[in-house]
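> Handing you a structure now.
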Amino acid sequence: MSKRLEGRLALVTGASRGIGRAVSLALAAEGADIIAIARPRSQAALESLDDEIRALGRSCTLVPFDLKDHDAIDRLGGSVYERWGKLDIFVGNAGILGPLSPLGHIPPKEFQELLDINVTANYRFIRSLDPLLKASDAGRSIIVSSGSNGKDKAYWGGYMMSKAAVENLALTYANECKQTQVRSNVVNPGPIRTMMRAKAVPGEDESALPAPEDIAKLFVELALPECDRNGEVISFYNWAGLSR
Ligand SMILES: NC(=O)c1ccc[n+]([C@@H]2O[C@H](COP(=O)([O-])OP(=O)(O)OC[C@H]3O[C@@H](n4cnc5c(N)ncnc54)[C@H](OP(=O)(O)O)[C@@H]3O)[C@@H](O)[C@H]2O)c1
């Protein structure tokens, strides 16, 4: 039986660890080739991902760069066009937590980083990849948000501001794509056992949390050509029937 994403091409940001790594492996296990992005300092983690994807019989193209380099996103779009002519799946997963503190205590440089990485990089990906997703017979954009506890939670303002903004971008893109083959959705993970979660809630019993491999299955479903969902914010916990 052929795999559900056989021969499709996926670009995943934040692929060095956590949710992005698990999503890259899950997509590859279903037959997709992967373009994996994280910062150059995570080269070793990217190379180990490359090994695992090749062991699954798929290709992995590593593109180490910092998402704050927005012009590099345009260059990457150009390279994908020259080499493949299209992109089937975009997973905008990379993100930072930033400082958890009162709004007035967030240093302007760190506020700007939240915008640069969590918001502007995804806008630049949509801008750069839109023609490539439209060149696919079933382009799929999946952007990772947050905030099932609300986007006005005290001390989480910088992070939640960025997630509200990126969610809005992804839903707007969905409306703009209605008449095309492209579908754009948002995944709201809820607490997942990753480095970011450990930083956000130190001392928590991690063993009680779902693993990145669990949520990766939702991304596979949304990446399928036959998945017609569009403009939805999908809570992983609801999708998986988990309580919080
Ligand atoms: N885990 C949770 O409970 C949870 C809950 C809600 C939402 N989320 C969201 O889920 C997504 C993934 O989170 P995670 O928990 O898997 O986090 P994580 O373990 O901290 O991984 C974050 C990923 O983003 C990449 N990244 C960060 N800054 C980057 C930059 N400037 N340039 C390139 N790559 C960069 C990291 O790569 P490097 O190797 O370069 O650092 C890493 O691969 C994030 O958008 C997060 O906001 C997570």
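Just so you know, all these numbers are worked out from the coordinates, no wet-lab data involved. Predicted, not measured: the structure shown is a model, and the values here were computed from it. As a convention, Cβ positions derive from the backbone with ideal geometry for all residues, glycine included, and neighbour counts pool all protein chains shown.
> With n ≥ 4 as the cut-off for DSSP H runs, can you work out [θ] at 222 nm for the chain, using -39500 (n - 2.57) per run divided by the number of residues, rounded to the nearest 500?
Theoretical 222 nm ellipticity from helices: -13500 deg cm²/dmol.
> Tell me, what HN-Hα J-couplings in whole Hz come from the Karplus equation 6.51 cos²θ - 1.76 cosθ + 1.60 at θ = phi - 60° for each residue of region 34-42, using x for Gly and Pro?
10, 10, 10, 10, 7, 6, x, 5, 9
> How large is ³J(HN,Hα) for each residue in region 97-114, as worked out from phi by the Karplus curve 6.51 cos²θ - 1.76 cosθ + 1.60 (θ = phi - 60°), to whole Hz, x for Gly and Pro?
8, x, x, 9, 7, x, 3, x, 9, 7, x, x, 5, 6, 4, 5, 5, 4
> Can I ask one more? Which residue fluctuates most in the GNM of the chain (Cα springs below 10 Å): Gly20, Gly139, Gly77?
Answer for the Gaussian network model of the chain: Gly77.
> So how much slack lies between His70 and Gln43, counting 0.36 nm per residue of separation and subtracting their Cα-Cα distance, in nm?
Working it through step by step, the gained length comes to 7.8 nm.
> Would you pull out the residues with amide H under 5 Å of Phe90's amide H, same chain only if 5 or more places away, H placed 1.01 Å from N?
Amide H neighbours of Phe90: Leu11, Arg140, Ser141, Ile142.
> May I pose another question? Any idea what the dipole of the chain comes to, in debye rounded to 20, about its Cα centre with Lys/Arg Cβ at +1 and Asp/Glu Cβ at -1?
180
> Which ordering of Asp33, Asp228 is given by a fewest-first count of other beta-carbon atoms within 10 Å?
In order of increasing Cβ crowding within 10 Å: Asp228, Asp33.
> Calculate one ³J(HN,Hα) per residue across region 171-179 by plugging θ = phi - 60° into the Karplus curve 6.51 cos²θ - 1.76 cosθ + 1.60, and present them in order as whole Hz with x for glycine and proline.
Going residue by residue, I get 6, 5, 4, 4, 5, 6, 9, 3, 8 Hz, with x marking Gly and Pro.
> Also: Amide H of Ile234: which non-local residues (sequence gap of 5 or more, or other chain) have their own amide H closer than 5 Å, using H built in the peptide plane?
Those lying under 5 Å, H to H, from Ile234 are Val186, Val187, Asn188.
> With the cut-off at 22 Å, tell me which of the pairs Lys68/Lys178; Lys109/Lys199; Lys163/Lys199 have Cα atoms farther apart than that.
Lys68/Lys178
> Using a cut-off of 13 Å between beta-carbons, work out the net charge of the residues near Arg21 (Lys and Arg +1, Asp and Glu -1, Arg21 not included).
Net charge in that neighbourhood comes out at -3.
> In terms of modelled amide H atoms, which long-range or inter-chain residues lie less than 5 Å from the amide H of Thr61?
Those qualifying (amide H under 5 Å, at least 5 residues apart or on another chain) are Ile34, Ile35, Ala36.
> Let a ≥ b ≥ c be the square roots of the eigenvalues of the Cα gyration tensor of region 147-228; is it rounded (a/c under 1.5), or, if not, prolate (a/b larger than b/c) or oblate?
oblate
> Still on this model: Counting other C-beta atoms within 10 Å, and keeping those with at most 14, which DSSP coil GluC sites (Glu not before Pro) do you find in region 1-90?
Within region 1-90, the qualifying GluC sites (Glu not before Pro) (loop, at most 14 other Cβ atoms within 10 Å) are Glu6.
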